[in-house]
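Trainee: Before anything else, here's the structure in question.
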Amino acid sequence: MKNIKIVFLIAVLQLSACIGSSVNNKIIHQDSEAQRGAVFPQVSAADLDGKAYDLPRDFTYRYNILVFGFAHEQKEMVKAWLLPLNKVKAMHSDITIYRIPVIDPSNFALRTVIRNGMRSKAEDEARKQTLTLFVDRQSFADSLGIKGIDTVAVVVTDREGHLIWQQSGEFAEAKIKELDELVSIASRANGS
C-alpha cells in the first residue's frame with residue numbers, strides 16, 4: 001500500500017509541474033495589420049522543459065524561424081525542414097529556430113499527456129526549441145495568413161514579430177535558398 005501512495009504522489013507531482021505551461025490561448029490581434037498577417041499574434045507558449053514564452057514579446061533574435069505543425073501526421077515534414085534550416089542558422093549569427101506544434105485547446109489532462117509525450121521523446125536541445133501552443137489552429141493560421149492547416153508552415157519574424165518570410169508545404173531546396181538569400185541580403189544591409 002505504501003508503494004501505491006508513493007507512485008500516486010510522484011504522478012501528482014509530475015502532473016502539477018505542467019500546470020503553468022499549458023495555457024489555452026485566444027488570438028489577440030495587435031492591430032488591423034495583424035489581421036492581414038503582417039504581425040505575429042500575441043500568444044503564450046511553453047517549451048518542453050516548461051519555460052513560458054509570451055510571443056512575440058519573447059522573440060529576441062533578429063530572425064525567428066518558426067516551423068508550425070498543425071497535426072501529428074506532419075511530424076516528418078517538420079523534421080525534413082529542420083536540417084536545412086539549421087544549416088541556414090549556422091551561417092548567420094542572429095537566427096533562432098522554434099518548432100511549434102499548434103494544438104487545438106483541450107482539457108488540462110489531455111494537454112499534459114501531449115506535452116509529457118513530446119518531452120519524453122525529445123533530446124535536450126529539441127526541448128528548448130519546441131514550443132507547444134494550445135490555440136484554435138485555424139484561427140491561428142488565419143491570423144498569420146497561412147492558407148490552411150493541412151500542411152506545415154514556416155514563418156520568419158523579426159524581434160517585434162513582423163512577418164518577413166513565409167512558406168508552406170514540404171521542404172524544397174528552392175525555398176531554403178530563397179530564405180538564405182533574404183537573410184544574407186538583410187544582414188549585409190544592416191552591416192552584420
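Trainee: Out of everything in region 67-86 that is free of Cβ contacts under 8 Å to residues at least 24 places away in the same chain and under 23 Å from S187 (Cα atoms), what residue ends up being surrounded by the fewest Cβ atoms within 10 Å (Cβ to Cβ)?
Mentor: L83
Trainee: From the set of residues in region 170-183 that are touching a helix residue (DSSP H, G or I) at 6+ places or on another chain (Cβ under 8 Å) and exposed (fewer than 15 other Cβ atoms within 10 Å of the Cβ), which is nearest to L66 (Cα to Cα)?
Mentor: The first filter runs over region 170-183 and keeps only residues touching a helix residue (DSSP H, G or I) at 6+ places or on another chain (Cβ under 8 Å), leaving 170-171, 173, 176, 179-180, 183.
Keeping just the survivors that are exposed (fewer than 15 other Cβ atoms within 10 Å of the Cβ) gives 170, 173.
Values: E170: 15, E173: 18 Å.
Ranking the candidates gives E170 first.
Here is a yes/no grid of residues against (1) loosely packed, with under 14 Cβ neighbours inside 10 Å; (2) at pLDDT below 90; (3) within 13 Å of G69 (Cβ to Cβ):
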{"position": "M91", "(1), (2), (3)": "yes, no, no"}
{"position": "I97", "(1), (2), (3)": "no, no, no"}
{"position": "P101", "(1), (2), (3)": "no, no, yes"}
{"position": "P105", "(1), (2), (3)": "no, yes, no"}
{"position": "R119", "(1), (2), (3)": "no, yes, no"}
{"position": "E125", "(1), (2), (3)": "yes, yes, no"}
{"position": "V135", "(1), (2), (3)": "no, no, no"}
{"position": "G145", "(1), (2), (3)": "no, no, no"}
{"position": "V152", "(1), (2), (3)": "no, no, yes"}
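The values are calculated or read from the model by the stated rules, or taken from the named source; none is laboratory data. Since this is a predicted model, take the numbers as computed values, not measurements. So basically every Cβ, Gly included, is an ideal-geometry build from the backbone, and we count neighbours across all protein chains shown.
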